[in-house]
Amino acid sequence: MMFNKSKIWPTLMAIAMVAMLTGCKSEDEAYNDKAYYMDNDVTYNGIYDGEWKVNRQVVDTARLVMNGPLRIRLPERYLLGLCFDDPSIAQPSNTPIVIQMQAQGYGKLSDFNSFFSDAKNNEQGEMRFSNCSFGTIVGTDSCVVTLVSAENATAVWQKDTDQWTLVIPINALMVSNLTTGQQTEKALSGTQTLYYHTKKRIE
């Protein structure tokens, strides 16, 4: 199938913006809540290179930017492979998303944070977290893929090494078609967990 790139890429950028805003507070709201502040109201800052892993296997690499909220590109190609039997029908946006964090506690060596995630009960009364989203084009339709799980995603900063670990559990992927208004869910047979580990700080 041939795509008109002049039409697709502006749409991808628009989807990426939607995905970044999905389930997130604004930076002003997060600031007022001290959402991404920890000891003595010190903000996290830094730029890191790191790897996404599933079952200890590297599935992608990405750059993490910490300057208030967290910015990172998800392993979209891998995630699209979970969504569709033929992932080649979807085009990844390759755009970093913005994640607001809430402090959960800290110790001598680590700070613990959770994602600001949209949490709702499903029809069975079970709590489900929409941890983060990214945009894609499926055929000619604009879509947003949301990572859903029974647990909230977390981010841990190791003070002694100045490195980060992100943990994003996934029980299902929700595909929202912005073109047709339809929504479909791909449930996984079990929980898959995305791990992101920074390897080095570059700035």
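Evaluated against (1) over 17 Å from W157 (Cβ atoms); (2) open to solvent by 40 Å² or more (accessible area, probe 1.4 Å); (3) in contact with a helix residue (DSSP H, G or I) (Cβ under 7 Å, 6 or more places away or on another chain), E126 falls short on exactly one condition, (3).
The residue of the stretch 110-123 that is surrounded by the fewest Cβ atoms within 10 Å (Cβ to Cβ), among those that are acidic (D, E) and within 16 Å of A153 (Cα to Cα), is D118.
When Q91 is tested against (1) assigned to a strand (DSSP E or B); (2) open to solvent by less than 50 Å² (accessible area, probe 1.4 Å); (3) within 30 Å of T161 (Cα to Cα); (4) of a type outside the set (A, V, I, L, M, F, W, C), just one condition goes unmet, and that condition is (3).
So is Q183 free of Cβ contacts under 8 Å to residues at least 24 places away in the same chain and over 15 Å from the mean Cα position of the chain (by Cα) or not?
On the way: free of Cβ contacts under 8 Å to residues at least 24 places away in the same chain: yes; over 15 Å from the mean Cα position of the chain (by Cα): yes.
Yes, satisfied.
Scan the stretch 175-201 for residues that are surrounded by fewer than 18 Cβ atoms within 10 Å (Cβ to Cβ) and more than 12 Å from K53 (Cβ to Cβ) and the total you get is 17. Scanning the stretch 148-174 for residues that are in contact (Cβ under 8 Å) with a residue 60 or more places away in the chain and open to solvent by 10 Å² or more (accessible area, probe 1.4 Å) returns W157, D162, Q163. When the test is whether a residue is closer than 22 Å to T140 by Cα and either among the small types (G, A, S) or open to solvent by less than 10 Å² (accessible area, probe 1.4 Å) (or both), G107 does not pass it. Can you confirm whether G139 is in contact with a Leu (Cβ under 9 Å, 6 or more places away or on another chain), open to solvent by less than 20 Å² (accessible area, probe 1.4 Å) and either at pLDDT below 95 or of a type in the set (G, A, S) (or both)? For G139, the condition - in contact with a Leu (Cβ under 9 Å, 6 or more places away or on another chain), open to solvent by less than 20 Å² (accessible area, probe 1.4 Å) and either at pLDDT below 95 or of a type in the set (G, A, S) (or both) - is not met.
The values are calculated or read from the model by the stated rules, or taken from the named source; none is laboratory data. Source: prediction; values computed, not measured. Every residue, glycine among them, receives a Cβ derived from its backbone with ideal geometry; neighbour counts consider all protein chains shown. Please note that ligands, DNA and RNA were not included when accessible areas were found on the heavy atoms of the full protein model with its side chains. Shrake-Rupley method; radii C 1.70, N 1.55, O 1.52, S 1.80 Å.
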